[in-house]
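Worksheet for the structure shown next.
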Amino acid sequence: MVRVTDGQESREILVKCRRELVGGRVENVHQSDEHSLVVSVYARSRGKRFLFLCARPRLTRFHLLSTRPAALSRPPVFCEVVRKRLKGRFLLGVRAPGNGLGVELRFAEKPTGGSSRSALDLALRLDGALRGLMLLQP
């Protein structure tokens, strides 16, 4: 588990996420609790991976899971929107935002990227007014 505020550990998990997830296709998105999203990504050469993103105050973190945690019985609206927009898209990149406090995931409809208008970012941030999980169109 890596807290977003741990600089060196955060960089290490970013490298691992790039290696394990980039190029993979989103199979599903679900919410395991009120603060956490789990993105299921399938990459042909690596199989299925689960990226856990938690925006719980003072416990913001992200990491890979070996198994999928249980989902809420009824997904909140944010989860439904993220699922609808990301399911079937390809993960093109994983990076830290400019201040290093968080993670940004870039998704596109095609594995090569295609139009920047079709790109979407799922961001977990821990900085000021932009704190939390956000779905952004760059």
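Partners of K84 within straight-line reach, counting lysines whose Cα lies under 24 Å from its Cα and excluding those fewer than 8 residues away in the same chain: K48, K110. Within the accessible area of the chain, the carbon and sulfur atoms contribute 50%, probe 1.4 Å, all protein chains present. Once the Cα-Cα distance is subtracted from the 0.36 nm per residue extended length, the L72 to K110 segment shows a gain of 10.7 nm.
Solvent-accessible surface of the chain, averaged per residue with a 1.4 angstrom probe and all protein chains in place: 55 square angstrom.
Over the range 20-114, the hull volume per residue, using the convex hull of the C-alpha atoms, is 104 Å³. Checking every one of the GluC sites (Glu not before Pro) in the range 25-96 against DSSP loop status and a limit of 14 other Cβ atoms within 10 Å picks out E34.
Each Cα pair under 8 Å and six or more residues apart adds its separation to the average, and for the chain the resulting relative contact order is 21 percent. Each Lys and Arg Cβ is given +1 and each Asp and Glu Cβ -1; about its Cα centre, the range 1-112 then shows a dipole of about 380 debye.
Loop-located trypsin sites (Lys or Arg not before Pro) in the range 40-117 (DSSP state not H, G, I, E or B) with no more than 10 neighbouring Cβ atoms inside 10 Å: R44, R58.
The values are calculated or read from the model by the stated rules, or taken from the named source; none is laboratory data. Just so we're clear, the structure is a prediction, and the values are computed from it rather than from any experiment. With ideal geometry, Cβ positions are generated from the backbone for all residues, glycine too; neighbour counts draw on all protein chains shown. Ligands, DNA and RNA are excluded from the accessible area calculation, which covers all protein heavy atoms including side chains. Shrake-Rupley method; radii C 1.70, N 1.55, O 1.52, S 1.80 Å.
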